[in-house]
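Worksheet: the structure to be examined is printed underneath.
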Amino acid sequence: MDRKLAAILSADVAGFSRLTALDEEGTVRALDLCRGRIDEMVSEHGGRIFGSAGDGLVAEFPSAVQAVRCSVEIQRRLFSLTEALPPDRRLEFRIGVNLGDVVVSGDDLLGDGVNIAARVQEIAAPSGICISASVREHLDGKVPFALTSLGERSLKNIPRPIFVFRVDWQQDMPVGGSIASAPLLVARRDKDQPSIVVMPFDNLSGQGDEYFVDGVVEEITAALSRVRDFFVIARQSAFTYKGRFVDVREVGRELGVNYVVEGTVRRGGDRLRISVQLVDAETRTQFWSDRYEGAIEDIFEFQDRIAAQVAGAIHPVIRNAEIELAKRKPPTSLRAYDLVMRAYPYLWGRRKDTNNQAIELLQQAIAVDRSYGRAHALLAWCHASNASYLWTEQPKPDLEKARAAVEAAGSIGDDPTALTAAGAAMSICGDQQRATILIEKALALDPNNAWAWARLGWIAIYKGEATRAPERFQRGMTLSPRDPLTFNMRLGMAFSLAMEGSLSQAIAIAQEVINSYPDVTWSYRHLAAWSAMSGDLETARWAAQKLLAAEPGFTIEWYRALPWFQNIPHWEEKMAEGLRQAGLPER
């Protein structure tokens, strides 16, 4: 059996059945004309057509460069040939190119090399060209066309994922230019999902630490992949850059990513030090950096801990960067994703006016895309917050709106953020069982989700299991020390300590939160009640006055009506009595 390496071009007509249904004879004549032109172009570029069936054809070339040049020439000439026709009558070919090992069978070629070309062709848009990574490796500086990464794709009947690139043949580069420096036909940030790659870390120690360095990168990549808020380039693609210097802009263009994670590893005696940074691939701006140290004897535990902490820290940093991008967009170009990004800064239960801003933006997102589950789930959280923080004179309607929004969210089973928001809303609505199911599902998808750990802590409190809450809040704060919900996690920690009888510690945390977050007015409720319970009526009354100044409509009756108290009636009574002693009105 003879084998050889060949560049395979696979092409077919997009929507051929529709075209023949409209005009069978005219379409067949046009196909014959196009095939004649394609045959000429293939020969001109040193190739030969070895297979044709229906509206498709397959050709071989001795080089990847010739195959891609021919593909572009085919699209250009056929576009000129058919542009006078009505748009719904044009023959638009999709082309896929792969470089691979093939089996020679007479005049025919067989094997994976041919099959992959056909599957890559299926990804191409009408009048589009897609190529595999094996082709792309041979093109740099040899063809004047920009390439855009489409990421790793699982192709039908192909046992391994294939990295695919789009050839932007309608946009030339300067002759002799580099593909990597070409402007992309479509801006990377037009995607609804930011993308990220974890580059191989630089090993500044001996060769013996190489396995650990690679292991850290693999674990961080896996941890980020579970976040689901962004697309993460697979490890095997990132590792093609191992051992060579490369500019982050080049990485961004070649892999189609917005963000790049870089790092170094250095050994000092029996300790390892890892430095990590997150960089904008377009501007080279450093968004975040941190350093981690650990003992060599705990090397695998250290590896896992670093991965969790890096993923937990990077998540909110990227989210904030996407928020800033959405803010800079003109209103006329906003999509549902951008509107949700704009809503994020207002989501975190700080003030009534900002919560209402979030509601308005989320409603706009839903108007753009009614099936956007995350927007519905976050809207549920906002309505639940309105009720929980008593920002409304009638909490019950907002609780009903929260439940309705959770139901409207529909299928959010693969979105940890949406699951967390829906679970948080249901917890405030008093359904701790359903809330637990939603939050635990979020954590199964993304174990490094700080918000989910915080809400699991509150669920423990609402179930009367306060002893289980502190470790959950601590896990959330460790994963995301700069999280916008840090104040909430700190107050949750204080609440659980107060329920366990450690009032002095709870009061100290409440005072710390008030000093750091003066706009979080519901902190005064806790400080008033806990100070009164500890016998410090002076502090209790001061906190009560502050609360009434910020929330003049507050009453103990409203507070007790909140549904999350239903499993902890004894604690509800203790809190109510403390608020009475602080001087807050009953009704």
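The values are calculated or read from the model by the stated rules, or taken from the named source; none is laboratory data. Predicted, not measured: the structure shown is a model, and the values here were computed from it. Note that we place each Cβ from the backbone using ideal geometry, even for glycine, and neighbour counts take in every protein chain shown.
Structural remarks
- Among (1) in contact with a Pro (Cβ under 8 Å, 6 or more places away or on another chain); (2) assigned to a loop (DSSP other than H, G, I, E, B); (3) over 25 Å from Ala321 (Cα atoms), the one test that Pro484 misses: (3)
- Residue within the stretch 488-510 that is aromatic (Phe, Trp, Tyr) and more than 29 Å from Glu586 (Cβ to Cβ) present: no
- Test: Met533 is more than 20 Å from Pro395 (Cβ to Cβ), surrounded by 18 or more Cβ atoms within 10 Å (Cβ to Cβ) and within 40 Å of the chain's Cα centre (by Cα): no
- Applying the set (1) in contact (Cβ under 8 Å) with a residue 40 or more places away in the chain; (2) closer than 30 Å to Gly141 by Cβ; (3) of a type outside the set (A, V, I, L, M, F, W, C) to Arg267 leaves exactly one unmet item: (2).
Table: residues versus (1) closer than 26 Å to Phe163 by Cα; (2) in contact with a Cys (Cβ under 6 Å, 6 or more places away or on another chain); (3) not charged (D, E, K, R).
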residue	(1), (2), (3)
Leu224	yes, no, yes
Ser237	yes, no, yes
Arg249	yes, no, no
Arg253	yes, no, no
Gly256	yes, no, yes
Val265	no, no, yes
Leu272	no, no, yes
Leu278	yes, no, yes
Ala281	yes, no, yes
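- Boolean, Thr354 is assigned to a helix (DSSP H, G or I), surrounded by 20 or more Cβ atoms within 10 Å (Cβ to Cβ), in contact with a Phe, Trp or Tyr (Cβ under 9 Å, 6 or more places away or on another chain) and β-branched (Val, Ile, Thr): no
- Looking only at residues in the stretch 433-451 that are touching a residue at least 24 places away in the same chain (Cβ under 8 Å) and buried (at least 24 other Cβ atoms within 10 Å of the Cβ), the one that is farthest from Glu219 (Cα to Cα) is Ala435.
- Residue in the stretch 12-29 that is farthest from Gly106 (Cα to Cα), counting only those that are in contact with an Asp or Glu (Cβ under 9 Å, 6 or more places away or on another chain) and among the hydrophobic types (A, V, I, L, M, F, W, C): Leu22
- Residues of the stretch 427-450 classified as over 16 Å from the mean Cα position of the chain (by Cα) and not hydrophobic (A, V, I, L, M, F, W, C), total: 9
- Exactly one residue out of Ser71, Ser10 is assigned to a helix (DSSP H, G or I), hydroxyl-bearing (Ser, Thr, Tyr), surrounded by 21 or more Cβ atoms within 10 Å (Cβ to Cβ) and assigned by TED's automatic domain parsing to the domain that holds Ile129: that is Ser71.
- Matching residues in the stretch 94-144 - criterion: being in contact with a Cys (Cβ under 7 Å, 6 or more places away or on another chain), β-branched (Val, Ile, Thr) and at pLDDT 90 or above: Val120
- Unmet criterion (only one of (1) under 30 Å from Pro552 (Cα atoms); (2) modelled with pLDDT of 90 or more) for Gln433: (1)
- Hey, Val216 of a type in the set (A, V, I, L, M), surrounded by 21 or more Cβ atoms within 10 Å (Cβ to Cβ), within 14 Å of Ile314 (Cα to Cα) and in contact (Cβ under 8 Å) with a residue 24 or more places away in the chain or not: no
- Single residue of the stretch 227-249 satisfying the filter (buried (at least 17 other Cβ atoms within 10 Å of the Cβ) and among the charged types (D, E, K, R)) that is nearest to Met199 (Cα to Cα): Arg235
- Taking the stretch 361-479 and the helices (runs of 4 or more DSSP H) fully enclosed by it, the elements with 3 or more residues that are of a type outside the set (S, T, N, Q) and touching an Asp or Glu at 6+ places or on another chain (Cβ under 7 Å) are at 373-388.
- Helices (runs of 4 or more DSSP H) contained in the stretch 500-551 and holding at least 2 residues of a type in the set (D, E, K, R): 537-550
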